[in-house]
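Notes for the one structure printed next.
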Amino acid sequence: MISYDLTCEKEHLFEAWFASSAAFDTLKAAGEVSCPECGSTQIEKALMAPSLSRKVGEEKRMSAAEERARVRAALKEVRKAVEESSDYVGKEFAEEARKMHYGEADKRNIYGEADDDEARALAEEGVPFAKIPWVEKDN
């Protein structure tokens, strides 16, 4: 048996086991390997670190798929906390942040969207904000 870290066209990372390298190639060519998150069959092997034996007492290292799942879970918690403690202002984020920064509006927690140019302008003006990787909610 061989374990591969795989990635789909939407960059979802997951781990799968195969009887052999040839078995993976055969299944992939037949469209039988699919992403568990989105169902895509456009799959490629992800870069993997070699599996090394560890000394007694060393912690087990997470696979890339386990690490990605851990990071995704943490980002989902961040999203939940932001949504629960902030007002959604959508595409008006930059304008609302500026108003609060310059004292034209009461300060409050907000979140929304800003493109790269708007974010750069906010940073140049000294308006405090943070970009957060926004993971989609599970259905």
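Data for the structure
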| quantity | calculated |
| --- | --- |
| Exposed-site-free run, longest, the chain (rule: GluC sites (Glu not before Pro); DSSP loop; at most 16 other C-beta within 10 Å) | 60-91 |
| Percent accessible area from carbon and sulfur atoms, the chain, protein chains only, probe 1.4 Å | 50 |
| The stretch 78-139: Rg to Rh, with Rh as the Kirkwood radius over Cα pairs | 0.98 |
| Exposure rule at most 13 other beta-carbon atoms within 10 Å, DSSP loop chymotrypsin sites (Phe, Trp or Tyr not before Pro): the chain longest free segment | 1-101 |
| Within the chain, helix-based [θ] at 222 nm, where runs of 4 or more DSSP H residues each add -39,500 (n - 2.57), nearest 500 | -11500 deg cm²/dmol |
| Whole-number accessible area per residue in Å² for the chain, which is evaluated in the context of all protein chains at 1.4 Å | 73 |
| 13 Å beta-carbon shell around Y4, net charge (K/R +1, D/E -1) | -2 |
| With 5 Å bins from 0: P(r) over the chain, alpha-carbon pairs, percent | 2, 8, 13, 14, 12, 11, 10, 9, 8, 7, 4, 2, 1 |
| Relative contact order of the chain, pairs being alpha-carbon contacts under 8 Å that are 6 or more residues apart, as % | 18 |
| Residue-by-residue Karplus 3J(HN,Hα) for the stretch 98-109, coefficients 6.51, -1.76, 1.60, Hz, glycine and proline x | 4, 4, 5, 4, 8, x, 8, 8, 5, 6, 7, 7 |
| Choice from L13, L75, L122 with maximal GNM fluctuation in the chain (Cα, 10 Å cutoff) | L122 |
| Sites excluded, trypsin sites (Lys or Arg not before Pro) in DSSP loops with at most 16 other C-beta within 10 Å, longest stretch of the chain | 11-53 |
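The values are calculated or read from the model by the stated rules, or taken from the named source; none is laboratory data. No experiment lies behind these values; they were computed from the predicted model shown. Quick reminder, even Gly has a Cβ in these numbers, built from the backbone with ideal geometry, and neighbours come from all protein chains shown. In case anyone asks, the SASA skips ligands and DNA or RNA and just uses the protein heavy atoms, side chains included. Shrake-Rupley method; radii C 1.70, N 1.55, O 1.52, S 1.80 Å.
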